[in-house]
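Colleague: One structure, pasted below without further comment.
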């Protein structure tokens, strides 16, 4: 196995991701759902072995178990489900691959950004085009684009992942806090510069009322937080800075790209230096902005799923009235402003995927289950009933379900509007080498060089460009 990959997996397992998940569970007063017992012993060679990311909600675990039970009855087979913490999955999987004993099915909530493009590149994933090609027209284009990954052995792209959900970088803000600031009746600007000035003004007004601990912008600048990388990438997209082409080529030397990276670094760092981003944002884990937002320290923040509002989407009863008021009345999910030059901002979408392996012992059974899972009934059970809308569907038929556009649910309907706009997958789908750029969180490190080491945005951009080029040159 690639030595660098082993090292980064060790760091991910031992370090920031684990801390972030633990803190997030505590902050949201909802611990990750306990893993149910396995459905079978797994000793039978005909038993379908499934490794699945442990759910954020108990219902997520229950949903996949229910779908597997349906499949088992239909196919007269057994299945062994292992629910795993996300920060342990990649290392466990690589050990299993080294031993020649991978599971038959694998799903990690960060697989599309981390391990899946790498394994496709190394020819370790089974081709699933026989599942996707006949129904390709049913999927949104971005889901298909993210599932056709480059293989260094065949030197071609192949369909190595089955897409089933999507997540975007949402903006959440507090409606009631804007009212206190005297801005509740004003529409939030859609122009890029005007939008960010609006949140600065909101902070200034609240500070003038004695709210010293409140910040207008919950933008992470921490190398330990994936939100910092994803948010910075969305800024780059807004400025038109293209880093990787769809065929996997680096675009860093294209005319104007460096200047656009410099502009983003200057603007993003300026928010922090001007006091509109908390000082501790340089140390946030993946839970940092979530905690700050739920505590009311942040007027707005960005997040890569609907997990923040879902902490307050509780059953209607006398004990949950406060949470329901937060979900339906005070907390808002919204899209991003227009690009600096005008026009809608193309959103970067994370496509949730399931894979099987070349060396899986039950590939045909795995494909049988995937075919079964893709039925609208089962997809609704997984995403709607189990996930409560944390991830949106990736088929046009399911996106037309009134559940997602329900105007009574302010968060799901806002998420749907964003998903129906212009989108693209993360650069990891274009080149497996970019998984290393993401893992190293190059953009956050460039930002910190400006904020802490007083580097100029120009020198920070040059460092980031050189680092990314070096990563691509050494990639194998």
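The values are calculated or read from the model by the stated rules, or taken from the named source; none is laboratory data. If you're wondering where the values come from, they're calculated on a predicted model, not measured in any experiment. All Cβ positions, even for glycine, are placed from backbone atoms using ideal geometry, and neighbour counts span all protein chains on display.
Colleague: Yes or no: residue 185 in contact with a helix residue (DSSP H, G or I) (Cβ under 9 Å, 6 or more places away or on another chain), in contact (Cβ under 8 Å) with a residue 24 or more places away in the chain and surrounded by fewer than 14 Cβ atoms within 10 Å (Cβ to Cβ)?
Modeller: Here the answer is no, as residue 185 does not meet what is asked.
Colleague: Okay, moving on. For segment 272-313, which residues satisfy the criterion of being farther than 28 Å from residue 351 by Cβ and part of a loop (DSSP other than H, G, I, E, B)?
Modeller: Once the filter is applied, which keeps residues that are farther than 28 Å from residue 351 by Cβ and part of a loop (DSSP other than H, G, I, E, B), segment 272-313 yields 274, 275, 276, 277, 278, 283, 295, 296, 297, 299.
Colleague: For residue 339, all conditions in the list (1) surrounded by 16 or more Cβ atoms within 10 Å (Cβ to Cβ); (2) farther than 14 Å from residue 79 by Cα; (3) touching a strand residue (DSSP E or B) at 6+ places or on another chain (Cβ under 8 Å) hold save one; what is the number of the exception?
Modeller: For residue 339, the exception is condition (3).
Colleague: Of all residues in segment 206-233, which are assigned to a helix (DSSP H, G or I) and surrounded by 17 or more Cβ atoms within 10 Å (Cβ to Cβ)?
Modeller: 206, 226, 227, 228, 229, 230, 231, 232, 233 - these are the residues of segment 206-233 that are assigned to a helix (DSSP H, G or I) and surrounded by 17 or more Cβ atoms within 10 Å (Cβ to Cβ).
Colleague: While we're here: Within segment 195-205, track down each residue that is touching a residue at least 12 places away in the same chain (Cβ under 8 Å) and either in a loop (DSSP other than H, G, I, E, B) or under 17 Å from residue 340 (Cβ atoms) (or both).
Modeller: 195, 196, 198, 199, 200
Colleague: Taking segment 157-184 as the region of interest, how many residues are at pLDDT 95 or above and either part of a helix (DSSP H, G or I) or more than 18 Å from residue 428 (Cβ to Cβ) (or both)? Can you show your working first?
Modeller: Filtering segment 157-184 for residues at pLDDT 95 or above gives 157-183.
Filter again for either part of a helix (DSSP H, G or I) or more than 18 Å from residue 428 (Cβ to Cβ) (or both), leaving 170-183.
The number of residues fulfilling the criteria is 14.
Colleague: Restricting to segment 375-398, what's the tally of residues that are over 19 Å from residue 108 (Cβ atoms), more than 17 Å from the chain's Cα centre (by Cα) and crowded, with 18+ Cβ neighbours inside 10 Å?
Modeller: Residues that pass the stated criteria total 5.
Colleague: Regarding residue 170, is this residue in contact with a strand residue (DSSP E or B) (Cβ under 9 Å, 6 or more places away or on another chain) and either within 20 Å of residue 391 (Cα to Cα) or assigned by TED's automatic domain parsing to the domain that holds residue 217 (or both)? I'd like the intermediate steps shown before the answer.
Modeller: Values: in contact with a strand residue (DSSP E or B) (Cβ under 9 Å, 6 or more places away or on another chain): yes; either within 20 Å of residue 391 (Cα to Cα) or assigned by TED's automatic domain parsing to the domain that holds residue 217 (or both): yes.
Yes: the conditions hold for residue 170.
Colleague: Go through segment 417-432 and report how many residues are part of a helix (DSSP H, G or I) and over 16 Å from the mean Cα position of the chain (by Cα). Write out each step before concluding.
Modeller: Step one: of segment 417-432, the residues part of a helix (DSSP H, G or I) are 417-419, 427-429.
Still in the running and over 16 Å from the mean Cα position of the chain (by Cα): 417.
The number of residues fulfilling the criteria is 1.
Colleague: Could you list, in sequence order, all residues of segment 234-267 that are touching a helix residue (DSSP H, G or I) at 6+ places or on another chain (Cβ under 6 Å), crowded, with 19+ Cβ neighbours inside 10 Å and outside any loop (DSSP other than H, G, I, E, B)?
Modeller: If the condition is that a residue be touching a helix residue (DSSP H, G or I) at 6+ places or on another chain (Cβ under 6 Å), crowded, with 19+ Cβ neighbours inside 10 Å and outside any loop (DSSP other than H, G, I, E, B), then 235, 236, 244, 250, 261, 262, 264, 265 are the ones that fit.
Colleague: If you take just the helices (runs of 4 or more DSSP H) that sit entirely in segment 352-414, which of them hold at least 3 residues that are in contact with a helix residue (DSSP H, G or I) (Cβ under 9 Å, 6 or more places away or on another chain) and closer than 19 Å to residue 170 by Cβ?
Modeller: By residue number, 402-405.
Colleague: Here's a follow-up. Taking segment 51-92, which residues are over 20 Å from the mean Cα position of the chain (by Cα) and without any contact (Cβ under 8 Å) to a residue 60 or more places away in the chain?
Modeller: Result: 65, 69, 72, 73, 76, 78, 80, 81, 82, 92.
Colleague: Just one of the numbered conditions (1) under 20 Å from residue 429 (Cβ atoms); (2) over 21 Å from the mean Cα position of the chain (by Cα) is not true of residue 210; which one?
Modeller: (1)
Colleague: Please pick out the residue among 387, 426 that is touching a strand residue (DSSP E or B) at 6+ places or on another chain (Cβ under 8 Å), under 30 Å from residue 283 (Cα atoms) and modelled with pLDDT under 95.
Modeller: After ruling out the rest, the residue left standing is 387.
Colleague: Test residue 354 against the stated conditions and say whether it is in the same structural domain as residue 117 (by TED's automatic domain parsing) and under 20 Å from the mean Cα position of the chain (by Cα).
Modeller: For residue 354, the condition - in the same structural domain as residue 117 (by TED's automatic domain parsing) and under 20 Å from the mean Cα position of the chain (by Cα) - is met.
Colleague: Identify the single condition in (1) more than 28 Å from residue 106 (Cα to Cα); (2) out of contact with any strand residue (DSSP E or B) (no Cβ under 7 Å at 6 or more places or on another chain); (3) modelled with pLDDT of 95 or more that residue 407 does not satisfy, given that it satisfies every other one.
Modeller: Exception for residue 407: condition (3).
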